[in-house]
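In what follows, a structure is listed as structure tokens, so that the remarks can point back to it.
The values are calculated or read from the model by the stated rules, or taken from the named source; none is laboratory data. Just so we're clear, the structure is a prediction, and the values are computed from it rather than from any experiment. Positions of Cβ are generated from backbone atoms using ideal geometry, with glycine treated the same way; all protein chains shown enter the neighbour counts. Note: areas computed on protein heavy atoms with side chains; ligands, DNA, RNA excluded. Shrake-Rupley method; radii C 1.70, N 1.55, O 1.52, S 1.80 Å.
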Amino acid sequence: MKTSFSEIRDPQNWESGELKISWVRNHMPLLAQIEKEFSKDKPFEGLKVALSVHLEAKTAHLCEVLSSGGAEMFITGSNPLSTQDDVAAALVHEGLNVFAVHGATPEEYEHGIRRVIEAGPNIIIDDGGDLVNMIHDNYPSLIENVIGGCEETTTGILRLQQMNSVKALKFPMMLVNNAACKHFFDNRYGTGQSVWDGINRTTNLIVAGKYVVVAGYGWCGKGVSMRAKGLGAKVIVTEVDPIKAMEAVMDGFQVMSMTEAARIGDIFITVTGCNDVITKKHFMNMKDGAICCNAGHFDCEVSVAALKEIATSEREARQNIQEYVLPNGRKVYILAEGRLVNLAAGDGHPAEIMDMSFAIQALSARFLADNRKGGPLNRTYGNMLNAVPAEIDGKVARMKLNDWGIKIDHLTPAQRKYLFG
């Protein structure tokens, strides 16, 4: 066992964490192939990698793969309720540096972010933008050490775009979430399944026959809506984008404003990346027993603070379910404190889905390391955003098809000439 410098809940709790990691390790064949490459090539030798991603078993395996490539890992979570303490302990037992606890207070959560930044990372792997924002705001002297970073989520990319628009972003960032093998599958099929895993295991209630309101019809919203329909729900979509609203209609869903939907819905799921999607006026119009949860990165989409202000009483109705009684006597239930329901009340995306997403992450991190002294990275001040190269997307897709035993056609030279000249 290696020695690591870490701050976790219980270092002795590593065995159950190792069982979880072992299970997903056996169901992530793409990372297994990449781990063999990294173990041979050592692309991260001498480099420090700071990672803030939901700290559960699949993320732990990504950390193992990066470590196999020579990276010195400094790891924290990206959500106070998604960290699994036994998984953190298992990584520490392997000799990795971890600073995260489940149920962290805001101060403890920020402390974990600071600890991995203070290590002086060369590569940043972020989920939501907290690492990137922290190093820019509080540790500018460490920025010169950073080769670049990778961002996992829609919310994080929005934050990066805001920084980049005012020329505040000072190192290149790979937009991992925008890669086809990430958002097509992770955001749609991963979120679609894992959100309902979290809701169903937490509530133990039937979905069929109920009205499900999905706020937001991006890739995640499409997946949540599709799975709700498959479970027999009557699905209502709310949107602010007229194009996406049209798409939802043509996909067979009802579309209306949240004000209208609040009166009808039985289960509400926000997945917009914005704040105040469900607020006081919506709560007051909900049915007795309405259930609200969030699948967006931050816990600001369902305004739990506004609900607390108007509620006459509050109690824990069941683990991860808080009951609020409104002045009109109706009850509204909030799952997982309004945090990411698929991770705060579940195990997150399926292992095979995260295998693709984390393959993109691992290969994008290698792209940064391989191009640290020049190459195709965008390093223009005020324009530091980089698409994941098509070659990486294509490699991951081919690896996955090969794992499935599926062969596809290839263009002949004549066809290439016809298409491309």
Q) Taking Gly148, is it over 22 Å from Gly46 (Cβ atoms) and open to solvent by less than 10 Å² (accessible area, probe 1.4 Å)? A) no
Q. Counting just the residues of segment 133-160 that are of a type in the set (S, T, N, Q) and at pLDDT 95 or above, which one comes out farthest from the chain's Cα centre (by Cα)?
A. Ser141
Q: Taking Leu66 as meeting all but one of (1) assigned to a helix (DSSP H, G or I); (2) touching a residue at least 24 places away in the same chain (Cβ under 8 Å); (3) open to solvent by 10 Å² or more (accessible area, probe 1.4 Å), write down the number of the exception.
A: (3)
**Q.** Residues that are over 15 Å from Met256 (Cα atoms) and buried (at least 21 other Cβ atoms within 10 Å of the Cβ), drawn from segment 274-285
**A.** Phe283
Q: Go through the residues of segment 8-20 one by one and say whether even a single one is assigned to a loop (DSSP other than H, G, I, E, B), more than 21 Å from Phe358 (Cα to Cα) and of a type in the set (Phe, Trp, Tyr).
A: no
(Q) Need pairs with beta-carbon distance below 7 Å; first residue at positive phi and free of Cβ contacts under 8 Å to residues at least 60 places away in the same chain and within segment 23-39, second open to solvent by less than 10 Å² (accessible area, probe 1.4 Å) and among the aliphatic types (A, V, I, L, M); sequence gap 6+ or separate chains. (A) none
Q: Count, please, the residues in segment 180-207 that happen to be more than 24 Å from Ser357 (Cα to Cα) and surrounded by 21 or more Cβ atoms within 10 Å (Cβ to Cβ).
A: 1
Q. Going through segment 154-168 one residue at a time, which ones are hydrophobic (A, V, I, L, M, F, W, C) and closer than 27 Å to Leu340 by Cα?
A. Ile157, Leu158, Leu160, Met163
Q | Among (1) open to solvent by 50 Å² or more (accessible area, probe 1.4 Å); (2) within 28 Å of Gly190 (Cα to Cα) - the single one His93 does not satisfy | A | (2)
Q. Can you tell me which residues in segment 378-421 are open to solvent by less than 70 Å² (accessible area, probe 1.4 Å), closer than 30 Å to Lys167 by Cβ and not polar (S, T, N, Q)?
A. Gly382, Met384, Leu385, Val388, Pro389, Ile392, Asp393
(Q) So in segment 237-260, with the set limited to residues that are among the hydroxyl-bearing types (Ser, Thr, Tyr) and under 27 Å from the mean Cα position of the chain (by Cα), which one is least open to solvent (accessible area, probe 1.4 Å)? (A) Thr238
**Q.** Filtered residues of segment 292-331 (kept if among the aromatic types (Phe, Trp, Tyr) and either more than 15 Å from Asn342 (Cβ to Cβ) or in a strand (DSSP E or B) (or both))
**A.** Tyr324
Q) Which numbered condition trips up Phe268, out of (1) among the hydrophobic types (A, V, I, L, M, F, W, C); (2) closer than 20 Å to Asn187 by Cβ; (3) open to solvent by 70 Å² or more (accessible area, probe 1.4 Å)? A) (3)
Q: Would you point out the residue of segment 314-370, among those that are farther than 19 Å from Glu64 by Cα, polar (S, T, N, Q) and in contact (Cβ under 8 Å) with a residue 60 or more places away in the chain, that is surrounded by the most Cβ atoms within 10 Å (Cβ to Cβ)?
A: Asn342
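Yes/no per residue for (1) at pLDDT below 95; (2) open to solvent by less than 20 Å² (accessible area, probe 1.4 Å); (3) closer than 22 Å to His27 by Cα:
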| site | (1), (2), (3) |
| --- | --- |
| Ser52 | no, yes, no |
| Leu55 | no, yes, yes |
| Thr59 | no, yes, yes |
| Asn79 | yes, yes, no |
| Ala88 | no, yes, yes |
